[in-house]
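Visitor: Dumping the structure here so I can ask a few things about it.
The values are calculated or read from the model by the stated rules, or taken from the named source; none is laboratory data. Quick caveat, the model's predicted, so the values are computed rather than measured. So basically every Cβ, Gly included, is an ideal-geometry build from the backbone, and we count neighbours across all protein chains shown.
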């Protein structure tokens, strides 16, 4: 008996049948599927436990890291991702100052966003390159429609500065299909944009062999509220379109892969997000296999993960730091090559030095203090994460094939197939947020009712105008945030002249039920920014109503037990009259009877909170 056998001799294997028997016994007759199985947004069933049997049929498990299909990461050893931070270059001098500060404090990949620059001048580009280029630092230029001009300026600037193109690393990110996705049109036209991609690829192959020029911005789907499967599938479809177009122009698949960057979103569903990065690598490898290119199969795709904007909030925005940290950890453990952590207040106003410092320090702590850079693919062998990875691959590949059968990305997009699919998911998620089945802490759950932010919000940043194409060929997919409805409702309350609406908890009857329902109701109405007055309890309905009217309440919420509502609710409603809105907390069996007596407002766990609060605000005259 070897040491391994000795160690586990006292722990005999437990069969799945034994696990199931134990679970059924503990459930005491409750429905197994309803209690313990969970469906994700990606339509993946999550089980209460996983075993080695769930890994059967996964062919990559015995592969080493750094080996095709690269599920276990692109590096053979370690996990030394690039810490990236992005800056707008609308003001060249300000961008240089902020970028140098970041570079001096741990950032090794600078992102320079030229999309808001307006006219592009050579002297600005040369000034940026002269100030920010360093051999140990990558420069990533988010180019937009100026990509070809920017590449020409780079060639000239590096030549004049005496820098060999071989030593330059980073990217000039050009993505016509990404532009099509969010604006509904190409920069110029299908033919011209793909010709620009081919030109950039040819230039990079000759002048900058270590620069990536083709970006696949699938993170736009993540920012729009799409599922992980949708982002992976449509990102893969975008890549397949680029491969088809560029190979027709005599570029090899290997050259395309060397100069391609996948900008992948990352959300807060921790284990799913780890699986997202791993699944992306396997899907990309499967795509290369479909193109039958053995040389390209030796080159892993470069994945730049970007924290999502979908779940970020204006209210209680420091909670965004928790979301960002979870997202950063997941992307890093999944094996991204570089990571952009957006500042926690980027959805509220232009980030300042403090928020940019916090954003980069999230990654520095993960690398320098938590040592996430020391171990390759720490998720390897995890029954749950491996199963999630496998499920994402299967579902995303099926959706990718469906898109291919529709004629590929461009035809599926212009035909509205992609938009319809994403809309269905976003609508479902919006309803989940509105009814609090998807929680946004501080916004639709446990809000700080005393917080006011209207003076701190730059609405042009918080709710930017959607970019539009002058020659749209399809409906754009808008980038949006889940919290928008709640935020705009609450901002309207803040800006409304006069005092905030007052909500009075008329707690009466059964002690446990009145306390529970008062807590639920206070949380419910605080999400609109109303002023909440809670109470320990009243002996009679008249005593409670007198206290509510003395407090000048706009809304009186009756908090009691289902059995007692039939007595208390009509009495309260009669005493209140038209002096306030009467609400019953719960959905008692006597609801129809109460409605017949003129009590029409009920709040409960199945309520669509957002629509209900909008209705109350309208009744109170708040626009």
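Conditions (1) crowded, with 24+ Cβ neighbours inside 10 Å; (2) in contact with a strand residue (DSSP E or B) (Cβ under 6 Å, 6 or more places away or on another chain); (3) at positive phi; (4) modelled with pLDDT of 95 or more, marked per residue:
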{"residue": "251", "(1), (2), (3), (4)": "no, no, no, no"}
{"residue": "255", "(1), (2), (3), (4)": "no, no, no, no"}
{"residue": "262", "(1), (2), (3), (4)": "yes, yes, no, yes"}
{"residue": "266", "(1), (2), (3), (4)": "yes, yes, no, yes"}
{"residue": "272", "(1), (2), (3), (4)": "yes, no, no, yes"}
{"residue": "275", "(1), (2), (3), (4)": "yes, no, no, yes"}
{"residue": "278", "(1), (2), (3), (4)": "yes, no, no, yes"}
{"residue": "281", "(1), (2), (3), (4)": "yes, no, no, yes"}
{"residue": "289", "(1), (2), (3), (4)": "no, no, no, no"}
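Visitor: Checking residue 73 against (1) within 30 Å of residue 377 (Cβ to Cβ); (2) modelled with pLDDT of 95 or more; (3) within 24 Å of the chain's Cα centre (by Cα), only one condition comes out false. Which one?
Guide: The failed condition is (2).
Visitor: Right, another one. Regarding region 485-501, can at least one residue be identified that is surrounded by fewer than 20 Cβ atoms within 10 Å (Cβ to Cβ) and in contact with a strand residue (DSSP E or B) (Cβ under 9 Å, 6 or more places away or on another chain)?
Guide: Checked region 485-501: at least one residue is surrounded by fewer than 20 Cβ atoms within 10 Å (Cβ to Cβ) and in contact with a strand residue (DSSP E or B) (Cβ under 9 Å, 6 or more places away or on another chain).
Visitor: Further question on the same structure: Only one residue in 361, 304 is in contact (Cβ under 8 Å) with a residue 24 or more places away in the chain, out of contact with any helix residue (DSSP H, G or I) (no Cβ under 6 Å at 6 or more places or on another chain) and either over 26 Å from residue 172 (Cα atoms) or surrounded by 21 or more Cβ atoms within 10 Å (Cβ to Cβ) (or both). Which one? Lay out the reasoning, then the answer.
Guide: Details: 361 fails: either over 26 Å from residue 172 (Cα atoms) or surrounded by 21 or more Cβ atoms within 10 Å (Cβ to Cβ) (or both).
Testing whether each residue is in contact (Cβ under 8 Å) with a residue 24 or more places away in the chain, out of contact with any helix residue (DSSP H, G or I) (no Cβ under 6 Å at 6 or more places or on another chain) and either over 26 Å from residue 172 (Cα atoms) or surrounded by 21 or more Cβ atoms within 10 Å (Cβ to Cβ) (or both) leaves just 304.
Visitor: Does residue 471 satisfy the condition of being at pLDDT 95 or above and either within 30 Å of residue 224 (Cβ to Cβ) or assigned by TED's automatic domain parsing to the domain that holds residue 313 (or both)?
Guide: Working: at pLDDT 95 or above: no; either within 30 Å of residue 224 (Cβ to Cβ) or assigned by TED's automatic domain parsing to the domain that holds residue 313 (or both): yes.
No; evaluated as a whole, the condition is false for this residue.
Visitor: Quick check: anything in region 387-399 at pLDDT 95 or above and either assigned to a loop (DSSP other than H, G, I, E, B) or more than 20 Å from residue 42 (Cβ to Cβ) (or both)?
Guide: Taking every residue of region 387-399 in turn, none turns out to be at pLDDT 95 or above and either assigned to a loop (DSSP other than H, G, I, E, B) or more than 20 Å from residue 42 (Cβ to Cβ) (or both).
Visitor: I'd like the full set of residues that are part of a helix (DSSP H, G or I) and surrounded by fewer than 18 Cβ atoms within 10 Å (Cβ to Cβ), limited to region 592-613. Talk me through it step by step, then tell me what you get.
Guide: Taking region 592-613 and keeping what is part of a helix (DSSP H, G or I), we get 592-596, 609-613.
Within region 592-613, 592, 593, 595, 596, 611 meet the criteria.
Visitor: Additional query: So which of 360, 429, 342 ends up being under 21 Å from the mean Cα position of the chain (by Cα), assigned to a loop (DSSP other than H, G, I, E, B) and not assigned by TED's automatic domain parsing to the domain that holds residue 607?
Guide: Working: 360 fails: assigned to a loop (DSSP other than H, G, I, E, B); 429 fails: assigned to a loop (DSSP other than H, G, I, E, B).
Testing whether each residue is under 21 Å from the mean Cα position of the chain (by Cα), assigned to a loop (DSSP other than H, G, I, E, B) and not assigned by TED's automatic domain parsing to the domain that holds residue 607 leaves just 342.
Visitor: Please tell me if residue 88 is touching a strand residue (DSSP E or B) at 6+ places or on another chain (Cβ under 9 Å), in contact (Cβ under 8 Å) with a residue 60 or more places away in the chain and over 30 Å from residue 438 (Cβ atoms).
Guide: Details: touching a strand residue (DSSP E or B) at 6+ places or on another chain (Cβ under 9 Å): yes; in contact (Cβ under 8 Å) with a residue 60 or more places away in the chain: no; over 30 Å from residue 438 (Cβ atoms): yes.
Spelling it out, it is not the case that residue 88 is touching a strand residue (DSSP E or B) at 6+ places or on another chain (Cβ under 9 Å), in contact (Cβ under 8 Å) with a residue 60 or more places away in the chain and over 30 Å from residue 438 (Cβ atoms).
Visitor: Right, residue 190: in contact (Cβ under 8 Å) with a residue 40 or more places away in the chain, surrounded by fewer than 21 Cβ atoms within 10 Å (Cβ to Cβ), within 20 Å of residue 238 (Cα to Cα) and touching a helix residue (DSSP H, G or I) at 6+ places or on another chain (Cβ under 9 Å) or not? Quick ask: steps written out before the conclusion?
Guide: On the way: in contact (Cβ under 8 Å) with a residue 40 or more places away in the chain: yes; surrounded by fewer than 21 Cβ atoms within 10 Å (Cβ to Cβ): yes; within 20 Å of residue 238 (Cα to Cα): yes; touching a helix residue (DSSP H, G or I) at 6+ places or on another chain (Cβ under 9 Å): yes.
Taking the combined requirement at face value, the residue satisfies it.
Visitor: Taking the criterion of being outside any loop (DSSP other than H, G, I, E, B) and surrounded by fewer than 19 Cβ atoms within 10 Å (Cβ to Cβ), would at least one residue in region 345-353 satisfy it?
Guide: Keep residues of region 345-353 that are outside any loop (DSSP other than H, G, I, E, B), which gives 353.
Within this subset, residues satisfying the condition of being surrounded by fewer than 19 Cβ atoms within 10 Å (Cβ to Cβ) are 353.
Yes, the conditions are met somewhere in region 345-353.
Visitor: Moving on to the next point. Determine whether region 94-104 contains at least one residue that is exposed (fewer than 10 other Cβ atoms within 10 Å of the Cβ) and either touching a helix residue (DSSP H, G or I) at 6+ places or on another chain (Cβ under 7 Å) or farther than 19 Å from residue 377 by Cα (or both). Before the answer, list the steps.
Guide: So the first thing to find is which residues in region 94-104 are exposed (fewer than 10 other Cβ atoms within 10 Å of the Cβ), and the list is 104.
With either touching a helix residue (DSSP H, G or I) at 6+ places or on another chain (Cβ under 7 Å) or farther than 19 Å from residue 377 by Cα (or both) added as a condition, the list becomes 104.
Scanning region 94-104 turns up at least one residue that is exposed (fewer than 10 other Cβ atoms within 10 Å of the Cβ) and either touching a helix residue (DSSP H, G or I) at 6+ places or on another chain (Cβ under 7 Å) or farther than 19 Å from residue 377 by Cα (or both).
Visitor: Here's something else I'd like to know. Out of the residues in region 171-187 meeting the condition of being touching a strand residue (DSSP E or B) at 6+ places or on another chain (Cβ under 9 Å) and crowded, with 24+ Cβ neighbours inside 10 Å, tell me which one is nearest to residue 236 (Cα to Cα).
Guide: 177
Visitor: Within region 575-586, count every residue that is surrounded by 14 or more Cβ atoms within 10 Å (Cβ to Cβ) and free of Cβ contacts under 8 Å to residues at least 40 places away in the same chain.
Guide: Our first condition is that a residue be surrounded by 14 or more Cβ atoms within 10 Å (Cβ to Cβ); within region 575-586, this holds for 575-576, 579-586.
With free of Cβ contacts under 8 Å to residues at least 40 places away in the same chain added as a condition, the list becomes 575-576, 579, 581-582, 584.
Number of matching residues: 6.
Visitor: Let me ask something else. Which of the numbered conditions does residue 482 fail, given that it passes all the others? Conditions: (1) in contact (Cβ under 8 Å) with a residue 24 or more places away in the chain; (2) part of a loop (DSSP other than H, G, I, E, B); (3) surrounded by fewer than 17 Cβ atoms within 10 Å (Cβ to Cβ); (4) under 20 Å from the mean Cα position of the chain (by Cα).
Guide: Condition not satisfied by residue 482: (3).
Visitor: Quick check on region 201-213: of everything there that is assigned to a strand (DSSP E or B) and touching a helix residue (DSSP H, G or I) at 6+ places or on another chain (Cβ under 6 Å), which residue is surrounded by the most Cβ atoms within 10 Å (Cβ to Cβ)?
Guide: Of the residues in region 201-213, the ones assigned to a strand (DSSP E or B) are 211-213.
Pick out the ones that are also touching a helix residue (DSSP H, G or I) at 6+ places or on another chain (Cβ under 6 Å) and you get 211, 213.
Details: 211: 25, 213: 28.
Here the residue is 213.
Visitor: Here's a check for you: in region 316-328, which residue that is over 12 Å from the mean Cα position of the chain (by Cα) and surrounded by fewer than 20 Cβ atoms within 10 Å (Cβ to Cβ) is nearest to residue 70 (Cα to Cα)? Don't jump to the end; show me each part of the working.
Guide: From region 316-328, those over 12 Å from the mean Cα position of the chain (by Cα) are 316-319, 321-322, 325; that's our starting set.
Subset that is surrounded by fewer than 20 Cβ atoms within 10 Å (Cβ to Cβ): 316, 318-319, 321-322, 325.
Numbers: 316: 39, 318: 36, 319: 34, 321: 30, 322: 29, 325: 25 Å.
In this case the residue turns out to be 325.
Visitor: Could you list, in sequence order, the residues of region 464-479 that are surrounded by 16 or more Cβ atoms within 10 Å (Cβ to Cβ) and under 30 Å from residue 530 (Cα atoms)?
Guide: Result: 479, single match.
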